[in-house]
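The values are calculated or read from the model by the stated rules, or taken from the named source; none is laboratory data. Source: prediction; values computed, not measured. Glycine gets a Cβ as well: all are built from the backbone with ideal geometry, and neighbour counts include every protein chain shown.
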Amino acid sequence: MDLPIRKIIHIDMDAFYASVEQLDNPKLKGKPIAVGGSRERGVVAAASYEARKYGVRSAMSSKIANLRCQELIFVKPRFERYKEISGMIKEIFYDYTDLVEPLSLDEAFLDVTENKIGHPSATLLAEEIRYRILNEVGLTASAGISINKFTAKIASDINKPNGQKTIPPEEVLDFLNELPIDKFFGVGKVTAEKMKMHGIFFGRDLRRHSKSYLMDHFGKSGLHFFNIVRGVQDSPVRPNRKRKSIAAERTFSEDIRQIDFLLEKLALVVKELLRRINKSNILGRTVTLKIKYSDFQVQTRSKTVDNYLSNEEEFMDIVQSLLLQEALRSSVRLLGVSLSNLNNKCEDLLIEEQLEFKF
């Protein structure tokens, strides 16, 4: 029996750590920056695209990076902040599917074969997800869309940064045939060189060899290579956690100090949060107000109630009291509201309706 064709999206954030630093500090925008160690000692954890033009790459020593780009700005990593931003991005993913497999803070697989909004096109879903990440978080993302994780991950790198590539079912084999062997996900430099010694330079060369030949020369990996070049990969997207919170937030074009203006903005954030809650069919009991000040310092205030919250009036009463419970430190750059203590601990969502397959 043929397996159903999956619709898999691979989302990969663009220069994630560096982009977060440029987001939080507008003075860094458009400049070559490296997140990592000092100028003399250390290793580059991430480089902005402006730095990459000079050949600066992750895992490069800071000293070599500085020689390649003397204008390079070194920024200390803030992993708690990267985790926070990553969580915001994942919350967007969960608005579309519970089948989310994070690979790291800046990339994840999504199985949208059957999705929460009932949209048949994985391509359009990827566009919408990237649009929301840009507008709600302020960062760009790239995406690959195809029938399995392997091909989707390769595709996400093709139109980077801030782009996407779809490899529909009927084009997978042709795409893999023309793909240089170095571009195959999972084929490192050593394996690539060994393959070239066997006359394997492109996917089409790999496909000419039998299963036994590949296993004889590449061990157990040979079976993997035999399958993937034929578009065969049955590995499902494996979610590793249930949703712990739902959040919405808004960054203001100008810092705000007046309480009445802040309450107006807060009402809009609550409306968006309620929209996401209703879409997810999940309720919670803990409300957290997030306040980011003009100096980028973040403060949170929380309240837990006995009942699961469900209407706008209840939310507004709570978030308003949280905002007013103590004086603001300074003018405000961002307000966010999240709901946790959710009622989905034992909940598994099963969708049985098969969607028309459109990429």
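Would you kindly identify the helices (runs of 4 or more DSSP H) lying entirely within segment 133-199 that contain at least 1 residues that are in contact with an Asp or Glu (Cβ under 7 Å, 6 or more places away or on another chain) and of a type outside the set (S, T, N, Q)?
Of the helices (runs of 4 or more DSSP H) lying wholly inside segment 133-199, those with at least 1 residues that are in contact with an Asp or Glu (Cβ under 7 Å, 6 or more places away or on another chain) and of a type outside the set (S, T, N, Q) span 189-197.
Of everything in segment 62-86, what is in contact with a strand residue (DSSP E or B) (Cβ under 7 Å, 6 or more places away or on another chain) and not β-branched (Val, Ile, Thr)? Give them in sequence order.
62, 65, 72, 74, 77 - these are the residues of segment 62-86 that are in contact with a strand residue (DSSP E or B) (Cβ under 7 Å, 6 or more places away or on another chain) and not β-branched (Val, Ile, Thr).
For segment 275-287, enumerate the residues that are part of a strand (DSSP E or B) and surrounded by fewer than 19 Cβ atoms within 10 Å (Cβ to Cβ).
Correct list: 285, 286.
Assess whether residue 246 counts as being buried (at least 18 other Cβ atoms within 10 Å of the Cβ) and in contact with an Asp or Glu (Cβ under 7 Å, 6 or more places away or on another chain).
Judged against the criteria, residue 246 is a match.
Results for (1) under 29 Å from the mean Cα position of the chain (by Cα); (2) assigned to a loop (DSSP other than H, G, I, E, B); (3) at pLDDT 80 or above, shown as yes or no for each residue.
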site: 313; (1), (2), (3): no, no, yes
site: 321; (1), (2), (3): no, no, yes
site: 326; (1), (2), (3): no, yes, yes
site: 333; (1), (2), (3): yes, no, yes
site: 336; (1), (2), (3): yes, no, yes
site: 339; (1), (2), (3): yes, no, yes
site: 345; (1), (2), (3): yes, yes, no
site: 350; (1), (2), (3): yes, yes, no
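Name the residue that is nearest to residue 179 (Cα to Cα), counting only residues in segment 195-217 that are crowded, with 20+ Cβ neighbours inside 10 Å and touching a residue at least 24 places away in the same chain (Cβ under 8 Å).
Checked segment 195-217; the qualifying residue nearest to residue 179 (Cα to Cα) is 203.
Examine segment 141-148 for a residue that is modelled with pLDDT of 95 or more, over 16 Å from residue 7 (Cβ atoms) and surrounded by 19 or more Cβ atoms within 10 Å (Cβ to Cβ), and state whether such a residue exists.
Checked against the condition, which is being modelled with pLDDT of 95 or more, over 16 Å from residue 7 (Cβ atoms) and surrounded by 19 or more Cβ atoms within 10 Å (Cβ to Cβ), segment 141-148 yields at least one hit.
List, please: which pairs have Cβ atoms under 8 Å, are six or more places apart or on different chains, and start with a residue in segment 249-260 that is at pLDDT below 85 and end with one that is in a loop (DSSP other than H, G, I, E, B)?
Cβ pairs passing all conditions: 251/138.
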